[in-house]
Amino acid sequence: MTARAVAKATPEPHHNRHSAPQSFWRKYVFSVDHKVIGKQYLALGLFMALVGGFTAYLIRWQLAWPETEVPGWSYVEPDFYNTMVTMHGTIMVFFVAMPILLGAFGNFLIPLMVGAPDMAFPRLNMMSFWTIFTASCVLMASFFVPGGAAAAGWTGYAPLSADPVYTGVDWGQNLWILALALEFSSFLMGGVNFMTTAINMRAPGLSLFRLPLFVWMQMTAAVLFMLSVGPLIAGAVMLLLDRTAGTGFFLPARGGDPLLWQHLFWFFGHPEVYVVLLPGFGAILEILPVFARKPIFGYRAIVYSTIAAGALSFIVWAHHMFISGIDARLAIPFSVTTILISVPFAIMIFSMIATLWGGSLRFPTPMLFALGALATFLIGGVTGIFLGSAAVDIFMHDTYFVVAHFHFTLFPSALLGGFAAIYYWYPKMFGRMLDETLGKLHFWITIVAFNCVFIPLFLVGMGGHMRRIYNPLQYDFLKPMQPIHEFATIAAIVLLLGQIPLIVNFFWSLAFGRRAADNPWQANTLEWATTSPPPHENFAAVPTVYRDAYEYSLPGNATDWLPQHVPGPALKAQEQAA
Amino acid sequence: MAHSEHETRVFTEQPIGRVGMWWFLASEVMVFGGLLGSYILSRIAAGGWAAETAHVNTRIAAINTLILVTSSLTIVQAHAAVEAEEHTRARKYLLITVLLGLGFLCIKGFEYSIELGHGFTPASGLFWSYYYTMTGLHGLHVFAGVVVNFVLFLLAGGRRWAAVKQRVEYAGLYWHFVDVVWIFLFPLLYLA
Ligand code: HEM
Ligand SMILES: [Cu+2]
């Protein structure tokens, strides 16, 4: 395939692509340049992270010291508490994790990594950003409508979400549905770009199996999202009609079935957690070989495992519904598939560890975050296996054990992976290095505080502490666990404050950071083959790719890295091309 | 920026517009798939809605089926004419397709008015909820297709022929999809 592809490839028609941008608006606001759009996503995601972090602060304070005044706020009323939990989950998953991992880094890196001048559909790309921007505005506006913002949980379970009488939230919930619908269409538009660019716009010689794993992860995530979100879009339409047009899809009183919503939600929901996880993994997989100075271990095994995990993720969804009243016989097949899915993930984790084995390790901040993400995700993944077993889940469901589990999966992939990506690609994005001291400070506070927040929650969860309750002190059997809550809350506050070094570092380095070389980490992939930051249309000339993405420490080579675009010794991949 | 749709660095030998269109249609398949799946499961769980389905108008729907299938043929003709560089014939068939689509929508609207006149609204029970939601969503897709085909009809008249050429193919793919959805809706809502 490669040989023919190389032959078919023709040079970029430079003259007739969009010409250099002119006005301020065209250049920075309504830009069609994937690099600018990636930065816009990054700004949006980081801003929403502040909002989401603040909701976490309110939730945690209320749990530790119920019904006391929250410093910097006021009392958290019961209804408002429900809103906070709902908006926290919604914001973190859909407006932080996805914009940062897919929106920012997917956009910024895919064209660079495949050697393309831009995305396949640049204007669609711009539209996808402005769509999620609108979605964020709608979501934020929903705080201010009468009745307040949505309060039915980030999973929007019916009948809570289907009839305003249950939560007292009327317009807030409608706007929540609208915001999610916009968010979904934004990432569907993004996905078509990711896929088409990676499939159709690769540089000559860049066969599929020479792609950086980050691109594979983004492609898989895009496909998973596209194939899973449809039924939920249908569900969202039905939910909106239940609320506004008197239909009864999810309302038992009108002949409908609330379980249908759970099926539609989790058919999407489980693939969705991989949509967030895989790009985070992709970032880790780019970083580990660079700082271990070793080729990735088991490239193809990782690719096939990713695809296998993606396929399996479509037949595990009912593990979220073991005690929702589904047929008990269904629990067994869904337990089996859930536990099966740990096999491809075990292979990926194994490959990551084997990549480190015997490498000459260096520990700058991106590497620290990558390793931290790997280690914490391990705990999240293993506890997921516990929960996948229906017998265990019947006890654990809706306890803090589940809360701890999904934070141990989402936090490493979305935030630790996202931070690793920021520290690693910031030089390429902005042409400046981040400060290492502040970076390490940020890492150590984050990783220690994170574990102090959520490991205790595993314990209270096993103690039977249910989640989504307003005031734990109302239950006698929970009272002995209150000191643990207080400890977790203090740690959460430390965790939030621990983000200040990042914010300072980010803005300080933008102006005063050391100038970044084109390839400061001595990495092989194509994004390092151009200047930092890359010019409009990315590459002075279309790069030609000669080898795999991870040829580090090759015997007989003068340097311990060998970029993909540099002609040189014929290697493994060269043989495949022949 | 039409040129970016004709990207030359093509590994799959598919124009990027076509890859994009297939992607879009796959996501649409999942939307309607979710809706149809929910309908079928709800219907099985409810033990059949024979009483309600007796009130839909199979004859009108059969006429509409015929109209949509015909329009799928005419858009194929339009595409063939475009390939053969026959401008007027292409425009003629695009216009016929648009008119057939409009005809479908008018008849559907007429059918709604009969049903609403008999007091069957989206709130009259689960079958009617599904009926209006599915046909309504499909109708919106037909409407979008009519608009797209009409725009292509207008553009095909002027100097924009080059840009129109490939888009007729994509519009045709979409139009076939809309047709196929109806092929599922018709038996599920009217015959079963
Ligand atoms: C700053 C650190 C964070 C803290 C202290 C925190 C704290 C919390 C708390 C206390 C809850 C409510 C638990 C309950 O009673 O059900 C919660 C729920 C949740 N969090 Fe976080 N969180 C943090 C970061 C994140 C991140 C990064 C994500 C995702 C990427 C996330 C996703 C979720 C989700 C999905 C829920 C469930 C919401 C629901 O049940 O409706 N959180 N979090
Ligand atoms: Cu799951």
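Using a 1.4 angstrom probe on the protein heavy atoms only, line up B:His87, A:His397 by accessible area, largest first.
B:His87, A:His397
Going by the alpha-carbon gyration tensor, a ≥ b ≥ c the square roots of its eigenvalues, is segment A:335-407 rounded (a/c under 1.5) or, if a/c is not under 1.5, prolate (a/b greater than b/c) versus oblate?
It comes out oblate by the Cα gyration axes.
Divide by every residue of chain A the summed helix terms, -39500 (n - 2.57) for each DSSP H run of at least 4, and state the resulting mean residue ellipticity at 222 nm, rounded to the nearest 500 deg cm²/dmol.
Per the formula, -19500 deg cm²/dmol.
Put B:Ser113, A:Ser324, A:Ser186 in order of accessible area, largest first, 1.4 Å probe: what do you get? Provide the component values of the computation, followed by the final result.
Working: B:Ser113 65, A:Ser324 40, A:Ser186 0 Å².
Most to least solvent-accessible, the answer reads B:Ser113, A:Ser324, A:Ser186.
Any chance you could check the Cα centroid distance between segment A:241-315 and segment B:52-68 for me, in angstrom?
The distance from the Cα centre of segment A:241-315 to that of segment B:52-68 comes to 39 Å.
Cα atoms only: what Rg and Dmax, in Å, come out for segment A:346-449?
Computed over the Cα atoms of segment A:346-449, radius of gyration and Dmax are 16.2, 53 Å.
Order A:552-561, A:46-55, A:132-141 from most to least packed using the mean count of other Cβ atoms within 10 Å.
Packing proxy ranking, top to bottom: A:132-141, A:46-55, A:552-561.
Working with all protein chains in place, sort A:Asp79, A:Asp548, A:Asp518 by solvent-accessible area computed with a 1.4 Å probe, largest first.
If we order A:Asp79, A:Asp548, A:Asp518 from most to least accessible, we get A:Asp79, A:Asp518, A:Asp548.
Take every Cα pair under 8 Å in chain A that's 6+ residues apart, average their separations, divide by the length, and report that relative contact order as a whole percent.
Working: 947 pairs, mean separation 94.6, N = 578.
Across chain A, relative contact order equals 16 percent.
Regarding segment A:249-322, what's the average projected area of the Cα-atom convex hull, expressed in nm²? Display every interim value, and only then the final one.
Working: hull surface 24.4 nm².
Projected area, direction-averaged: 6.1 nm².
Can you compute the charge dipole magnitude of the protein assembly as shown about its Cα centre, using +1 on each Lys and Arg Cβ and -1 on each Asp and Glu Cβ, nothing else charged? Give it in debye, rounded to the nearest 20.
Numbers: 40 positive and 40 negative charges, 340 e Å.
Dipole magnitude for the protein assembly as shown comes out near 1640 debye.
Where nothing but the Cβ of Lys and Arg (+1) and of Asp and Glu (-1) is charged, how large is the charge dipole of segment B:59-192 around its Cα centre, in debye to the nearest 20?
The calculated dipole for segment B:59-192 is roughly 360 debye.
Evaluate peptide B:19-32: per residue, the Cβ atoms of other protein chains within 10 Å of its Cβ; return the mean as an integer. Write out the running numbers ahead of the final one.
Details: counts 7, 9, 1, 3, 11, 5, 0, 5, 12, 3, 2, 11, 9, 4.
The per-residue average across the peptide is 6.
Ignore the peptide's own chain and count Cβ atoms of other chains within 10 Å of each Cβ in A:324-330; give me the average, rounded.
Average per residue, whole number: 0.
Roughly how many Å² is the accessible area per residue of segment A:466-578, as a whole number, for a 1.4 Å probe?
Accessible area per residue: 50 Å².
Pairs of Cα atoms under 8 Å, at least six residues apart: use those to get the relative contact order of chain B, whole percent.
28 percent
Using +1 at the C-beta of Lys and Arg and -1 at the C-beta of Asp and Glu, which of A:Thr220, A:Phe267, A:Phe209 has the Cα lying farthest in the positive direction of the dipole of segment A:198-297?
Of the listed residues, the answer is A:Phe209.
Arrange the peptides A:108-114, A:489-495, A:510-516, A:69-75 so that the one whose residues have, on average, the most other Cβ atoms within 10 Å appears first.
Going by the mean number of other Cβ atoms within 10 Å, highest first, we get A:108-114, A:489-495, A:510-516, A:69-75.
Using a 1.4 Å probe on the protein heavy atoms only, what accessible surface does A:Leu208 show? Give it in Å² to the nearest 10.
Approximately 50 Å² of A:Leu208 is accessible to the 1.4 Å probe.
How much of the accessible area of the protein assembly as shown, probe 1.4 Å, is carbon plus sulfur, in whole percent?
Within the protein assembly as shown, the accessible surface is 72 percent carbon and sulfur.
On average, how much accessible surface per residue is there in segment B:1-158, in Å², for a 1.4 Å probe, leaving out ligands, DNA and RNA?
It amounts to 44 Å² per residue over segment B:1-158.
Distances longer than 26 Å among the Cα atoms of segment A:63-212: what percent of all pairs is that?
Roughly 42 percent, rounded to a whole number.
Pop out the Kirkwood hydrodynamic radius of segment A:404-504 from its pairwise C-alpha distances, inverse of mean 1/r, in Å to one decimal.
15.3 Å
Does the protein assembly as shown come out rounded, prolate or oblate, given a ≥ b ≥ c as the square roots of the eigenvalues of its C-alpha gyration tensor, rounded meaning a/c under 1.5 and, failing that, prolate meaning a/b above b/c?
Cα axes put the protein assembly as shown in the oblate bin.
If the only charges are +1 at each Lys and Arg Cβ and -1 at each Asp and Glu Cβ, what is the size of the charge dipole of segment A:242-392 around the Cα centre, to the nearest 20 debye?
Around 400 debye, computed over segment A:242-392.
Is the shape of segment B:114-188 rounded, prolate or oblate, going by the alpha carbon gyration tensor and its root eigenvalues a ≥ b ≥ c, with a/c under 1.5 for rounded and a/b larger than b/c for prolate?
Taking the square roots of the gyration eigenvalues as a ≥ b ≥ c, segment B:114-188 is prolate.
Using a 1.4 Å probe and ignoring any ligands, DNA or RNA, find the accessible area of A:Arg467 and quote it in Å² to the nearest 10.
40 Å²
So which DSSP H runs in chain A come out at 24 Å plus along the axis (Cα) with average Kyte-Doolittle of at least -0.5?
A:34-64, A:122-141, A:171-200, A:213-244, A:258-292, A:365-388, A:436-462
Which number do you get for Rg(Cα) / (2.2 N^0.38 Å) in segment A:173-248?
1.49
Calculated from DSSP H runs of 4 or more alone, at -39500 (n - 2.57) each and per residue, what is the 222 nm mean residue ellipticity of chain B, nearest 500?
It comes out at -27500 deg cm²/dmol, rounded to the nearest 500.
Give the lysines reachable from B:Lys108 as a straight Cα distance under 30 Å; neighbours fewer than 8 places away on the same chain don't count.
B:Lys92
With a 1.4 Å probe and every protein chain left in place, tell me how much accessible area A:His34 has, in Å² to the nearest 10.
0 Å²
Provide, for q = 0.34 Å⁻¹, the log10 of I(q)/I(0) from a solvent-free Debye sum over equal Cα point scatterers in segment A:516-561.
With no solvent term, the Cα-only Debye profile gives -1.26.
Would you tell me the mean number of C-beta atoms belonging to other protein chains that fall within 10 Å of each C-beta in A:244-256, as a whole number?
4
Estimate for me the total accessible surface buried between chains B and A (protein heavy atoms, probe 1.4 Å, no ligands or nucleic acids), in Å² to the nearest 100.
3500 Å²
Below 8 Å, C-alpha to C-alpha, sequence gap of six or more: please give me the relative contact order for segment A:440-514 in percent.
This gives 50 percent for segment A:440-514.
The values are calculated or read from the model by the stated rules, or taken from the named source; none is laboratory data. Please read these numbers as outputs of a predicted model, since none were measured by experiment. A quick note on method: Cβ atoms are made from the backbone with ideal geometry, for glycine too, and the neighbour counts reach across all protein chains shown. The accessibility values were calculated without ligands, DNA or RNA, using every heavy atom of the protein model including side chains. Shrake-Rupley method; radii C 1.70, N 1.55, O 1.52, S 1.80 Å.
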